[in-house]
1. Applying the selection to segment A:1-17, what residues are free of Cβ contacts under 8 Å to residues at least 24 places away in the same chain, more than 9 Å from chain B (Cβ to nearest Cβ) and among the charged types (D, E, K, R)?
2. Could you list all residues from segment B:257-282 that are touching a Phe, Trp or Tyr at 6+ places or on another chain (Cβ under 8 Å) and hydroxyl-bearing (Ser, Thr, Tyr)?
3. Which of the numbered conditions does residue A:348 fail, given that it passes all the others? Conditions: (1) in contact with a Gly (Cβ under 7 Å, 6 or more places away or on another chain); (2) not assigned by TED's automatic domain parsing to the domain that holds residue A:406.
4. Take residue A:269 and decide whether it is touching a residue at least 40 places away in the same chain (Cβ under 8 Å) and touching an Asp or Glu at 6+ places or on another chain (Cβ under 8 Å).
5. Across segment B:120-153, what is the total count of residues that are in contact with a Lys or Arg (Cβ under 9 Å, 6 or more places away or on another chain), farther than 18 Å from residue B:253 by Cβ and open to solvent by 20 Å² or more (accessible area, probe 1.4 Å)?
6. Out of curiosity, is residue B:92 in contact (Cβ under 8 Å) with a residue 60 or more places away in the chain, buried (at least 18 other Cβ atoms within 10 Å of the Cβ) and polar (S, T, N, Q)?
7. For segment B:318-335, does any single residue satisfy the condition of being closer than 22 Å to residue B:102 by Cα, touching a residue at least 60 places away in the same chain (Cβ under 8 Å) and open to solvent by less than 10 Å² (accessible area, probe 1.4 Å)?
Number of protein chains: 2
Amino acid sequence: MELLSLIRAKRRGAELPAAEIHRLVTGIVEHSVADYQLSALLMAICYEGLSYNETLELTRAFIDSGVTLDWSHLPGPIVDKHSTGGVGDKVSLMLMPWLAAAGLTVPKMSGRSLGHTGGTIDKLESIPGFDVNLSGRQMEDVIKQVGCCIVAQGANLVPADKIVYTLRDATDTVDEMGLIAASVMSKKLAAGADCIVLDVKCGSGAFFTSLARARKFADIALRLGRDLGKPIGCVISNMEQPLGRTVGNAMEVLEARAALAGESPQPDLSALCATLGGVLLVTCNRGASYQEGQARMERARESGAALERFDAWIAAQGGDYARLEAARTKAEKELRLATVPALKDGVISDMDTRRIGEVARRLGAGRLTTADRIDPWAGILCRAKIGDSVVQGEPLAVLVRGPAAPPVPGELVREYQQAVAVSSYAVELPGIVLDVMPANRGLSIIGG
Amino acid sequence: MELLSLIRAKRRGAELPAAEIHRLVTGIVEHSVADYQLSALLMAICYEGLSYNETLELTRAFIDSGVTLDWSHLPGPIVDKHSTGGVGDKVSLMLMPWLAAAGLTVPKMSGRSLGHTGGTIDKLESIPGFDVNLSGRQMEDVIKQVGCCIVAQGANLVPADKIVYTLRDATDTVDEMGLIAASVMSKKLAAGADCIVLDVKCGSGAFFTSLARARKFADIALRLGRDLGKPIGCVISNMEQPLGRTVGNAMEVLEARAALAGESPQPDLSALCATLGGVLLVTCNRGASYQEGQARMERARESGAALERFDAWIAAQGGDYARLEAARTKAEKELRLATVPALKDGVISDMDTRRIGEVARRLGAGRLTTADRIDPWAGILCRAKIGDSVVQGEPLAVLVRGPAAPPVPGELVREYQQAVAVSSYAVELPGIVLDVMPANRGLSIIGG
């Protein structure tokens with residue numbers, strides 16, 4: 001079937017045959033598919049939807065388009081985590097060494113910041129000396145030494161998705177659930193873990209702004225895991241406000257370590273990590289329930305094992321954490337700061353977290369195109385979050401830029417003020433965990 | 001606004017601003033618009049639709065994308081006709097000299113065959129010596145001499161449509177009514193006529209298979225004519241069976257002249273031409289009603305003036321009609337013929353005219369891609385049409401190929417048989433004219 005026939009079939013609402021989906025993906029990787037036809041097909045898919053079977057075959061074909069990794073010679077269980085992206089999301093920095101401390105093996109690939117969301121690789125690169133580009137052999141050495149490793153995702157893993165994603169991004173065809181699931185899950189499944197936990201973010205700072213869409217994605221992901229032989233667990237977590245107190249690369253690394261050390265005023269961050277770890281432990285049969293796993297995670301943190309593993313891991317990948325701390329002390333005097341004052345007295349009732357993410361990006365913490373450069377010190381220190389009382393003129397947040405950057409424009413201060421709603425009434429504090437869906441059950445056990 | 005923003009706006013169902021439509025079309029002609037973004041926008045338009053205002057601005061922008069012709073120095077009224085395409089549609093060959101005989105001036109541009117429909121230029125090229133590539137000056141000379149002229153449409157007329165149409169064709173985004181109307185009407189309006197009549201074909205061999213869609217198109221076309229200052233009339237005509245008795249290039253030229261000479265057994269063909277001419281006469285204020293214009297047309301044929309003008313016109317463009325006649329006599333002995341026998345006794349109740357058009361194309365009368373070569377003698381002689389009685393084994397049609405072509409494959413004989421339904425009951429004969437919508441009234445005066 002030619003691509004024109006596939007477009008016609010999809011426009012009629014037909015299900016595309018498995019063989020045609022595989023042929024299409026082969027054509028994409030071989031660059032024999034015209035991008036203008038592919039974008040028309042993607043738009044038709046956004047209107048007609050992908051069935052579960054189409055999504056499954058697309059995921060399979062994506063995986064087959066490149067190399068798949070195999071860690072079976074390492075001591076198991078091999079685990080991985082994926083986040084659908086948020087603002088202030090430093091979970092990977094904390095969770096990976098923490099899981100290693102709890103006895104799991106974590107060979108992780110991460111991405112860079114794009115748009116309003118941050119990227120783990122950019123965060124790690126704010127640590128002087130940290131190497132995110134390890135060979136497979138180097139990864140193994142680090143893992144054998146400390147149990148975990150995080151590197152930048154290579155181009156040879158699911159190359160078809162890279163091409164399709166670039167086109168989707170340029171043609172406003174990103175929001176179809178099957179396309180999203182195939183893109184996310186193919187990369188995770190090709191990366192060779194035995195068990196995977198998904199942190200599905202939901203709220204104003206997330207890709208999924210409604211719980212219904214977050215659950216739908218989680219359901220498809222769990223089914224894909226079952227049909228492709230990998231146990232998957234999901235946590236749907238709250239992204240109605242930035243996670244933790246900081247947004248920005250170096251600041252998030254510092255906050256992540258502080259949280260592991262029990263020095264953070266933000267219990268949400270540790271609670272989310274412990275839940276994700278608990279779900280992962282039960283997913284790979286290390287415990288009877290995720291609550292049991294969660295308790296085991298808590299013990300690994302309280303004992304100091306998680307923090308110890310964090311330090312060992314950073315050092316194993318060449319990172320000099322002491323230099324980051326020293327740079328912070330030195331930089332603090334030279335950083336360009338702008339305090340964001342509250343416009344009135346009251347209680348914070350809402351944070352437009354995507355908008356806050358955009359403020360962080362415009363400060364220099366992220367990028368709009370892959371060519372943009374990152375300022376490791378740029379970002380936001382959130383002094384007040386939802387439920388906190390604020391007084392007119394007192395700081396809601398501090399906007400930060402590195403010493404070499406131009407001063408923070410007043411426009412960004414006003415933008416942050418507009419992103420935060422202050423109410424005269426008390427507000428209910430949102431919980432960080434909205435739902436937990438353990439491996440291959442596909443049933444919600446919290447909430448609806 | 002970038003193209004990505006236009007795609008987003010259209011996906012939300014928003015109306016695209018006039019300035020953005022003009023900027024888009026400028027970008028298309030300057031090749032600064034990425035075709036993969038344009039095709040995604042076209043697909044979103046197919047789902048969301050173009051509003052009338054968007055269609056009007058797109059038509060304007062298309063016209064502005066190239067040259068517009070001006071015939072105002074010629075004696076008026078300057079008229080033009082457009083057909084939405086059919087099978088056996090030799091109307092232009094008859095109508096243009098006929099209109100000239102009725103006192104109108106007809107500088108016409110036509111297209112070539114594509115898919116299952118024929119093209120006037122291919123038909124004219126079957127006449128030895130006929131030149132379809134005249135300069136503007138040469139066109140004027142022919143018009144001054146005989147009152148009409150038909151040439152191949154130049155590339156400098158509405159270049160934006162050419163680019164967009166190629167992309168629509170390759171991405172299954174041809175069927176949105178606003179896109180269709182802007183494509184058709186921009187070309188007609190740029191060609192410089194004072195008044196235009198549209199032959200909107202409706203039925204199994206036409207682009208519009210339902211009367212509702214044909215009327216909708218006619219309504220938009222009439223409104224565009226009003227808003228862009230050109231009176232337009234429409235005739236919706238029956239394309240449930242081939243027009244006349246022949247399908248194919250040389251055969252249609254011969255049939256057209258025979259019909260003008262009153263030698264055709266097919267009154268439909270002349271009736272449709274007279275109606276189109278009548279609508280055009282009233283559209284340019286040459287008569288009180290289209291029926292009056294129709295009567296004037298009939299007189300111009302009965303007097304022999306139309307036939308005389310046909311012969312003078314063919315000669316004026318270098319065509320040697322006598323050689324075509326001679327070639328027919330000679331070729332008839334050498335043509336490759338295949339009779340299509342009726343499979344049973346009865347009355348023809350249905351003809352799948354698109355399928356019949358495809359049979360003609362596969363015989364060599366048309367082309368699938370612009371690279372395909374045409375056999376001027378290839379085509380179909382329809383011996384029986386809807387309402388005609390047939391006897392098992394007697395011919396439904398004769399399939400024809402030129403002397404140099406390979407024999408007609410049995411597959412095409414069977415294909416034709418399958419395209420024709422034979423019933424045991426009498427069937428109602430369809431009228432050739434389904435509706436008439438005179439200039440700028442937008443009201444149907446026949447039918448619904």
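The values are calculated or read from the model by the stated rules, or taken from the named source; none is laboratory data. None of these values were measured; they are calculated from a predicted model. A quick note on method: Cβ atoms are made from the backbone with ideal geometry, for glycine too, and the neighbour counts reach across all protein chains shown. We work out accessible area using only protein heavy atoms, side chains counted, and drop any ligands, DNA or RNA first. Shrake-Rupley method; radii C 1.70, N 1.55, O 1.52, S 1.80 Å.
1. Within segment A:1-17, A:2, A:12 meet the criteria.
2. B:275
3. (2)
4. So residue A:269 fits the description; yes.
5. Counting residues in segment B:120-153 that are in contact with a Lys or Arg (Cβ under 9 Å, 6 or more places away or on another chain), farther than 18 Å from residue B:253 by Cβ and open to solvent by 20 Å² or more (accessible area, probe 1.4 Å) gives 1.
6. It is false that residue B:92 is in contact (Cβ under 8 Å) with a residue 60 or more places away in the chain, buried (at least 18 other Cβ atoms within 10 Å of the Cβ) and polar (S, T, N, Q).
7. no
The rows are residues; the columns are (1) basic (Lys, Arg); (2) not assigned by TED's automatic domain parsing to the domain that holds residue A:266.
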position: A:54; (1), (2): no, yes
position: A:57; (1), (2): no, yes
position: A:62; (1), (2): no, yes
position: A:68; (1), (2): no, yes
position: A:90; (1), (2): yes, no
position: A:100; (1), (2): no, no
